[in-house]
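What follows is a single structure, written as structure tokens, with notes after it.
The values are calculated or read from the model by the stated rules, or taken from the named source; none is laboratory data. No experiment lies behind these values; they were computed from the predicted model shown. Every residue, glycine among them, receives a Cβ derived from its backbone with ideal geometry; neighbour counts consider all protein chains shown.
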Amino acid sequence: MTTAAIIVAAGRGQRAGGGVPKQWRAMGGRRVADWTIDRFEGLVDHIVLVLAVDDTAVWDEFNNTKLILAAGDADRAGSVRNGLQALEAYGVEKVLIHDVARPCVSARVIRDVLDALDTLPAAAPGLAVTDALWTGDGSLVTGTQDRSGLFAAQTPQGFHYGAITAAHAAHPGGAADDVEVARAAGIDVAIIPGDADNLKITRPEDFDRAERIMGMNMDVRLGNGYDVHRFGDGDHVILCGVQVPHDRGLQGHSDADVGMHAVTDAIYGALAQGDIGQHFPPSDPQWKGAASEIFLRHAVDLAGQMGYAISNVDCTLVCEFPKIGPHAEAMRTQMARIMGLRSDQVSVKATTSERLGFTGRSEGIASLATACLVKS
């Protein structure tokens, strides 16, 4: 099922100060919008970034990326409609609509909204109001308000693409958010648990709070992997998912992809979940000749189930031959595809051992890998 996220980033956000729209202000060494976009990378198939028409420098910056760009409108609803229209040719079935000023949204919230759409027409995260509520005239309390049944709305708000597109087309405008648009069209919207850390940056002090949230929730894990396979008969080797012509092949119970095995073990190591042999025992005949992509996908899925996102992986292949350089970019692309990462999150490089040891004698290939995982 094809999924997409629309990140609405066309507002001016002047209350946050700083002299520029809040989404383009720096926070933790990057802009707010950059953090927000990263939260959706790998979790949806397409990302639409809705930009103000006069933000020409930003248009130029994102124009040659994988992002789909759409022009903002006079109000938020118009910007969302333009974002929905930009997805028309992509066959999207589930769409998330998110405020760019919520850079702390967790992978758990994003996944929960997407999963809810498997059985529900719409879903959105919300937090039950727990504080006492007052009415006032600006200086004095004039009364109290019952908080029963009240929720603070958050994003991303999730819908089936056709339904929310039709709802926006029929709405007269002035809605506070997309849930209001959906309800006006008769669409039931389920409330899923929100996250107190999923704040919307509005005031200058919110930047400090967002940085604290990211810092306090930072659980970074590193894992190392190492693998070796000897040469045998054959006319090619498979390295990091790419078939490389060679006068010998690599021997192994599976397809002997030494690079992919090392990366897989690095992920398992970061999770403290053993190694490939524990999850896919070589004594089990079903894995005879299996594609190593199966193992790597399992490690990546396990990381997601445990609440971790893969930040980057670094793989080094140690061999005299074949030469890796001509194939390194294809290897990066293939590994990134399997792991749901950008290619700039995957490093594949090679070195020789200066004719020393078993790799120097061209008896086999070794690989070392490091994986960095971050709690999402």
Can you name the condition, by its number, that Val313 falls short on among (1) surrounded by fewer than 24 Cβ atoms within 10 Å (Cβ to Cβ); (2) part of a strand (DSSP E or B)?
(1)
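Output yes when any residue across segment 311-330 is touching a Phe, Trp or Tyr at 6+ places or on another chain (Cβ under 8 Å) and touching a residue at least 40 places away in the same chain (Cβ under 8 Å), and no when none is.
Step one: filter segment 311-330 for residues touching a Phe, Trp or Tyr at 6+ places or on another chain (Cβ under 8 Å), giving none.
Checked against the condition, which is being touching a Phe, Trp or Tyr at 6+ places or on another chain (Cβ under 8 Å) and touching a residue at least 40 places away in the same chain (Cβ under 8 Å), segment 311-330 yields no hits at all.
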Quick one: Ala328 ticks every box in (1) hydrophobic (A, V, I, L, M, F, W, C); (2) over 24 Å from the mean Cα position of the chain (by Cα); (3) at pLDDT 95 or above except a single one, so which number is it?
(2)
Candidates Gly13, Gly72, Gly17 - the one that is at pLDDT below 90 and buried (at least 18 other Cβ atoms within 10 Å of the Cβ)
Gly13
Filter segment 51-69 down to residues that are under 11 Å from Ala9 (Cβ atoms) and within 19 Å of the chain's Cα centre (by Cα), then give me how many there are.
3
Would you check if there is a residue in segment 284-306 being within 21 Å of the chain's Cα centre (by Cα), part of a helix (DSSP H, G or I), surrounded by 15 or more Cβ atoms within 10 Å (Cβ to Cβ) and of a type in the set (Asp, Glu)?
yes
For the condition in contact with a Leu (Cβ under 9 Å, 6 or more places away or on another chain) and buried (at least 19 other Cβ atoms within 10 Å of the Cβ), what is the one hit in His46, His98?
His46
Among residues belonging to segment 209-246 that are of a type in the set (Lys, Arg) and touching a residue at least 12 places away in the same chain (Cβ under 8 Å), point out the one that is farthest from Phe321 (Cα to Cα).
Arg221
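Hey, can you tell me all the residues within segment 143-190 that are part of a strand (DSSP E or B), buried (at least 16 other Cβ atoms within 10 Å of the Cβ) and touching a residue at least 40 places away in the same chain (Cβ under 8 Å)?
Going through segment 143-190, the residues part of a strand (DSSP E or B) turn out to be 143-145, 151-153, 157-160, 190.
Narrowing further to those that are buried (at least 16 other Cβ atoms within 10 Å of the Cβ): 153, 157-160.
Scanning segment 143-190 gives Gln157, Gly158, Phe159, His160.
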Note on segment 263-283: residues exposed (fewer than 15 other Cβ atoms within 10 Å of the Cβ) and assigned to a helix (DSSP H, G or I) are Gly277, Gln278
Taking the stated definitions as given, is Asp206 in contact (Cβ under 8 Å) with a residue 12 or more places away in the chain and surrounded by 17 or more Cβ atoms within 10 Å (Cβ to Cβ)?
yes
Ser79 vs (1) under 17 Å from the mean Cα position of the chain (by Cα); (2) of a type in the set (S, T, N, Q); (3) farther than 18 Å from Asp112 by Cα; (4) crowded, with 21+ Cβ neighbours inside 10 Å: all pass except (1)
Show the residue pairs meeting these rules: Cβ distance below 6 Å; 6+ apart or different chains; first residue within segment 41-66 and closer than 20 Å to Glu88 by Cα; second residue of a type in the set (S, T, N, Q) and part of a helix (DSSP H, G or I).
Val50/Ser79
